[in-house]
Amino acid sequence: MLERKFLGFTLGFILTALLLYVVYSQAQGMTWGFDDYINLKGLRDVDSREGLRSFLFNGIAGPGGRVLSLATFLANYADWPNNPWGFALTTLILHAINGLLIFLFLQRLLVNDPLLKEHVFFLALIASFTWLLMPIHASSILLPIQRMTHVSTFFVLVGLYGYTLLRGPIGTPKIEKQILLSVWVAVFAVLAALAKENGIVLITLVAIIELFFYFPLLKFKKKGDVTENIWKLWIFCAIAAVPMLLIGYVAWSWQNIDAIYKYHREFTLWERLATQMVVLWEYMQQTVVPRSAKMGPYHDGYTVYTWRTPATYLALVAWLGLCIGLCAVMLKANKKLPKLLAKYALFSLLWFFAVHQVESSIIPLEQYFEHRNYLAVLGISLFIAVLLYSGLRSENLKKVSQIAFVILIGYHVFVLQQVTSLWGRPLLANQVWYMNNPSSTRAAQSIMDYFIKDNNNDDAWGVVEKFSKENNSIDMLVQIIPSLCKAQDVGLEKDAFESILQILPSVKHVAGVTTGIAAMGNAIRSGECQEISLAEYRSLLLSFLEIDKIKFSPRVRHHINYEMALTEEKLGNIDGYAYYGKKSFFDFPGMSMAEVIAVNLFEGGRGQLAIDWIDEVVGNNPGGLMNDYWRTRFASLKNAILEVKEHFGEGNDKK
């Protein structure tokens, strides 16, 4: 019997993996996503020790650096920067491994349910099969940088599977077992968080499986023994851990978080919470009955809801009503089947909320991303499996259940094929995504980029002009100017620059300026822009620095200050270069920038100023794993400058 199950599972897994490959291979013509270059550009230097260390430990995708996720990209060193499909294929393999882990985890978990323990193989197989084929996972696989979601989920699933192996029978574990379980959960929560911060939700997920499968509090006496009370406290702490960490993080970083909401995002904290009430329902809909037209990488123009919007309250009441209704059925129903379905529906709902508690709550992230559901929908896939099992037990519903499941999987595969084939045709994909998301800056940028690559500046300008006016945005105006200057399109070049000046006083969003300001500055400083002088550009940069959304946003201000430094250098003002260069560095400290400033100061005849700057940088190094590296690197640079100064004499410095 076991051999038969093993052979059946192996065959099923191989066929599922082949189906995944066939469907996803239609995206082989894909291109890079919007966050890929900034996070992966360091791959070109990992063939050196310094480059490898810098790539792994200087990650900027999240506050934790995500070193474990970055390490997996080393497998695609040969694919950078010309083969994004190579990255997606590696992620697809990891996706299949995660599906296998889900099967193993659910097999161990479901034996604790007396109603299902004889059917755990079937249920785990159906749940993992359903999860693997869900179209909502497509963007997490086809956006190379979103492999981080898969790596974090891998550690969460290993943590959960190991927990079920260690946990033992239903009831209260002994004290030594409690300690072992605590250490196991802590280790894998940290590992998952080092891949992506959201991995910390492992702690909450463990509490949920305890309450549903191992230690149902309602079945235990209010006054248990000491061991039982300690375990009850442990479960309570596990439930509260992530919310308390979130509250602590927000309290500790409130000044920065408040500035991001005020000056970097187009919504407030309360508007984000209101919007997430609606977003979570849309995630649910796109998980079970997905629409390919609503799927894609660009959701930055998502509608912002407030607490004055009826849809917000409808969504909130619906969530509360669903939770309360499922609890009532689970606790009060007399028949086993309704209780069973209510239990797994509630489990899937709480699992969904638990995974979303970091990325869909108070942290000032963008409103909507499909990849946030990668782990969150595991509970839904399990509920679908239990629903199918329940239908197959009834003679009246057996055929209906079979047909419904086949239709559901067939529909998911059909939608997934539509999505992947669209990703494989980037020009058509960007046109469709822009049409479906007309308020998305990224979608409009993608269309502009394709027109520019096709040397069609008139159509590119048409997209930019229309989008900028309708959305009160300057991002794309900044980005198109270098192309217009290079093509010597003097009239459009001047129109774009003047449009920036007109929109700037009332601009809604400035973060996107950072993606194009360097190229624009280089084009102006090199003389490619015939109608934009250095003085005009300098005046524009100073105007940028007067806008609150830039003045109080270090992430954006950093870029403007650095552009000011380079422009002052071009104008021959070394003191101005040093002033703005330092301001830029302290907004966003980076080793390469500090080195460039030191070298430029020295080459500008300010050797002593360069040495003083190096000492200041070393005194403000990031610490941790990079501390020794910074000190060694800058000590070498300082010694080189001192040797040159000694050779040529102190008089070489300009006063």
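The values are calculated or read from the model by the stated rules, or taken from the named source; none is laboratory data. As the structure is a prediction and not an experimental result, all values here were calculated from the model. We place every Cβ from the backbone using ideal geometry, glycine too, and count neighbours over all the protein chains shown. What goes into the accessible areas is simple: the full protein's heavy atoms, side chains included, and nothing from ligands, DNA or RNA. Shrake-Rupley method; radii C 1.70, N 1.55, O 1.52, S 1.80 Å.
Structure notes:
Per-residue answers, yes or no, for (1) touching a residue at least 40 places away in the same chain (Cβ under 8 Å); (2) open to solvent by 30 Å² or more (accessible area, probe 1.4 Å); (3) touching a Gly at 6+ places or on another chain (Cβ under 6 Å); (4) not in a helix (DSSP H, G or I):
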{"residue": "K339", "(1), (2), (3), (4)": "no, yes, no, no"}
{"residue": "W351", "(1), (2), (3), (4)": "yes, no, yes, no"}
{"residue": "V355", "(1), (2), (3), (4)": "yes, no, no, no"}
{"residue": "I362", "(1), (2), (3), (4)": "yes, yes, no, yes"}
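- Some residue of region 454-462 being under 25 Å from M295 (Cα atoms) and surrounded by 19 or more Cβ atoms within 10 Å (Cβ to Cβ): yes
- Some residue of region 467-482 being touching an Asp or Glu at 6+ places or on another chain (Cβ under 7 Å) and on the phi < 0 side of the Ramachandran plot: yes
- Every residue from region 54-74 that is of a type outside the set (G, A, S), surrounded by 15 or more Cβ atoms within 10 Å (Cβ to Cβ) and modelled with pLDDT under 90: F57, N58
- Scanning region 18-38 for residues that are over 17 Å from V415 (Cβ atoms), among the aliphatic types (A, V, I, L, M) and open to solvent by less than 40 Å² (accessible area, probe 1.4 Å) yields a single hit, M30.
- Within region 39-50, the set of residues being closer than 15 Å to D79 by Cβ and either exposed (fewer than 14 other Cβ atoms within 10 Å of the Cβ) or among the aliphatic types (A, V, I, L, M) (or both) comprises L40, K41, L43, R44, V46, D47.
- For region 286-297, the set of residues classified as open to solvent by less than 30 Å² (accessible area, probe 1.4 Å) and within 27 Å of G512 (Cβ to Cβ) consists of Q286, M295, G296, P297, listed by residue number.
- Residues of region 563-589 satisfying the condition of being touching a residue at least 40 places away in the same chain (Cβ under 8 Å), open to solvent by less than 60 Å² (accessible area, probe 1.4 Å) and either of a type in the set (S, T, Y) or under 19 Å from G516 (Cβ atoms) (or both): E563, L566, T567
- Just one of the numbered conditions (1) crowded, with 19+ Cβ neighbours inside 10 Å; (2) in contact with a helix residue (DSSP H, G or I) (Cβ under 6 Å, 6 or more places away or on another chain); (3) touching a residue at least 40 places away in the same chain (Cβ under 8 Å) is not true of L115: (1).
- Flag if P554 is closer than 25 Å to F585 by Cβ and at pLDDT 90 or above: no
- Search result, residues across region 402-432 that are closer than 17 Å to I141 by Cβ, open to solvent by less than 40 Å² (accessible area, probe 1.4 Å) and part of a helix (DSSP H, G or I): H412, V413, V415, L416, V419, T420, S421, L422, W423, P426, A429
- Candidates I614, I524, I517, I532, filtered to the one that is buried (at least 19 other Cβ atoms within 10 Å of the Cβ), farther than 16 Å from I641 by Cβ and touching a Lys or Arg at 6+ places or on another chain (Cβ under 8 Å): I532
- Total residues in region 165-178 satisfying the condition of being of a type in the set (A, V, I, L, M) and not in a helix (DSSP H, G or I): the figure is 1.
- Counted as qualifying within region 84-164 are the helices (runs of 4 or more DSSP H) with 2 or more residues that are over 24 Å from the mean Cα position of the chain (by Cα) and within 23 Å of F414 (Cα to Cα), namely 120-132.
- Boolean, G521 is at pLDDT 90 or above, of a type outside the set (S, T, N, Q) and under 30 Å from the mean Cα position of the chain (by Cα): yes
- Counting the residues of region 4-53 that are of a type in the set (D, E, K, R) and over 21 Å from W85 (Cα atoms) gives 6.
- Conditions (1) without any contact (Cβ under 8 Å) to a residue 60 or more places away in the chain; (2) closer than 30 Å to D449 by Cα; (3) part of a helix (DSSP H, G or I); number of the one not met by P81: (3)
- Region 151-187, residues that are in contact with a helix residue (DSSP H, G or I) (Cβ under 7 Å, 6 or more places away or on another chain), over 18 Å from L211 (Cβ atoms), open to solvent by 60 Å² or more (accessible area, probe 1.4 Å) and among the β-branched types (V, I, T): I175
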